[in-house]
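Report on one structure; see the data block that follows.
Nothing in this text is a laboratory measurement; each read-out follows from the coordinates by a stated rule. Here the structure is a predicted model, which is why all the values come from computation and not from measurement. With ideal geometry, Cβ positions are generated from the backbone for all residues, glycine too; neighbour counts draw on all protein chains shown.
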Amino acid sequence: MFVEITNEPRDYTWGSTTAIAELQGRAPSGRPEAELWFGTHPGSPSRLVGREGSLRDVVGDLPFLMKILAAASSLSLQAHPTTEQAQDGFARENAAGIPLDAPNRNYKDPYAKPEMIYALSDRFRALCGFRPVAETRAVLAAGGVGHLLPGLRWDADIRPVFEWLLSGTPEVASVVGEVSAAAAGATGESWRTVRELVQAFPGDPGIAISLLLHTVVLRRGEALYLPAGNIHAYQEGLGIELMGPSDNVLRGGLTPKHVDVAELVAVLDFRASAAPRLLPKVQGGVSTFAPPGAGWQLRILSAGASAAVEAPAIVVAIGPTKVAGQRLRPGSGWVLTDGSTEVVAEGLVAIASPL
């Protein structure tokens with residue numbers, strides 16, 4: 001059975017007011033539309049179109065959550081836990097009697113949330129992962145604030161610097177102020193990000209922390225993979241997001257939402273690494289993104305390409321196409337509940353499925 005599914009866009013403040021509406025070919029709602037969820041997560045389960053019930057009623061619990069994400073400004077500085085960390089945190093907060101919908105709740109479920117983002121816009125910018133210290137030194141020096149390094153008690157271990165920047169001391173406020181002022185005359189993507197963060201979150205320590213992280217600009221068709229513990233904050237752009245079936249987010253700044261520095265530090269991977277780009281396997285117009293250990297894959301079909309799809313799978317049309325006799329509107333989501341079918345793409349199509 002191949003059935004259309006639907007949901008209401010999440011109106012988080014960082015969301016675009018136009019991107020999802022333009023993709024779907026409809027008038028904007030006038031509100032921010034940040035994420036459109038396709039999945040069985042109880043936080044926003046997809047509904048069946050033309051039928052009673054939800055997606056969960058026909059496929060059970062899917063091992064992934066698929067979203068269309070549209071960012072007009074920065075998301076929170078955040079990371080996600082491993083399965084073990086999620087199970088422990090979920091049990092701990094349940095025992096403490098914290099309601100699942102409480103604003104200070106960190107763990108909404110006992111699952112990990114590894115995630116990837118595939119860029120649909122021509123430009124998708126993200127902060128993601130700690131970059132090598134030498135790169136941060138060079139960026140600070142280029143901005144004329146290399147003198148801040150001794151004050152940060154810098155060494156090869158990023159953790160003490162990160163924790164100090166989130167300590168709330170007057171010295172931190174001074175550093176954030178100097179970085180903010182330096183951004184006005186500095187060039188490059190990292191400093192562009194700083195300027196935008198200064199406008200949106202003046203005085204937030206995340207402004208200085210952003211310089212510890214890779215600033216990555218994806219072009220349409222490129223992707224990032226963020227495993228558990230990777231610190232990140234998407235900045236702008238439209239994309240397909242695929243992740244574990246979880247809504248567990250530990251925040252450290254750049255947000256009006258609940259921030260729990262101690263819990264964030266507990267789940268972070270402080271190792272410096274290269275920017276976490278994810279390369280696909282490409283064959284016959286089909287690009288397959290299958291991060292090791294994630295348990296799911298995303299296939300992107302270009303116009304004219306085809307692929308056999310086994311249930312359960314979620315298909316999201318980016319361009320118009322037809323599957324199993326059904327016309328798929330751009331921005332619509334569909335689920336294959338049983339059996340198999342062939343998808344022949346007339347326009348770009350995204351397919352999420354378990355591995």
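Counted by Cβ distance under 12 Å from Leu226, the other residues give a net charge of -1, where Lys and Arg count +1 and Asp and Glu count -1. Only one item in [x] 20.5; [y] 22.7; [z] 21.1 matches Kirkwood radius over Cα pairs in Å derived from the coordinates shown, and that item is [z].
Across the stretch 71-85, rounded Karplus estimates of 3J(HN,Hα) from the backbone phi angles (6.51 cos²θ - 1.76 cosθ + 1.60, θ = phi - 60°) give 9, 9, 8, 5, 6, 5, 6, 8, 8, 10, x, 6, 4, 4, 5 Hz, Gly and Pro being marked x. For the chain, the residue among Thr13, Leu77, Phe2 whose Cα projects farthest onto the positive side of the dipole built from Cβ charges is Phe2. Counting only alpha carbon atoms, the long axis of helix 170-183 and the longest principal axis of the chain meet at about 70°. In sequence order, the stretch 230-247 has phi-based couplings of 7, 7, 7, 7, 5, 10, 6, x, 10, x, 9, 10, 10, 8, x, x, 9, 10 Hz under the Karplus curve 6.51 cos²θ - 1.76 cosθ + 1.60, θ = phi - 60°, and Gly or Pro positions carry x.
Rounded to 0.05, the FRET efficiency of the Ile98 and Leu279 pair, given R0 = 35 Å and the Cβ-Cβ distance, is 0.30.
In summary, the aspartates and glutamates within cross-link reach of Lys113, defined as a Cα separation below 19 angstrom excluding same-chain residues under 8 places away, comprise Glu35, Asp61, Glu84, Asp88, Glu93, Asp101, Glu241, Asp247, Asp260, Glu263, Asp269.
Need one number: % antiparallel among DSSP beta bridges in the chain, to the nearest 5. Walk me through the numbers before you get to the answer.
Details: 76 of 76 bridges.
Within the chain, antiparallel bridges account for around 100 percent of the total.
Each peptide in 304-317, 262-275 receives the mean, over its residues, of other Cβ atoms within 10 Å, and ordering these scores from highest gives 304-317, 262-275.
Sequentially through the stretch 184-194, phi angles give Karplus couplings (6.51, -1.76, 1.60; θ = phi - 60°) of 4, x, 8, 10, x, 5, 5, 6, 4, 4, 4 Hz, Gly and Pro residues having no value and appearing as x.
From helices alone, the chain scores -6500 deg cm²/dmol at 222 nm; the rule is -39500 (n - 2.57) for each run of n ≥ 4 DSSP H residues, then divide by the residue total. Distance between the C-alpha centres of the stretch 3-61 and the stretch 65-142: 20 Å, rounded to the whole angstrom.
Label-to-label distance for Thr82 and Ala173 is 3.8 nm, based on points extended 7 Å past Cα in the beta-carbon direction.
Here's how it looks for Gly15: its modeled amide H is under 5 Å from those of Ala72, which are all 5 or more places away or on a different chain.
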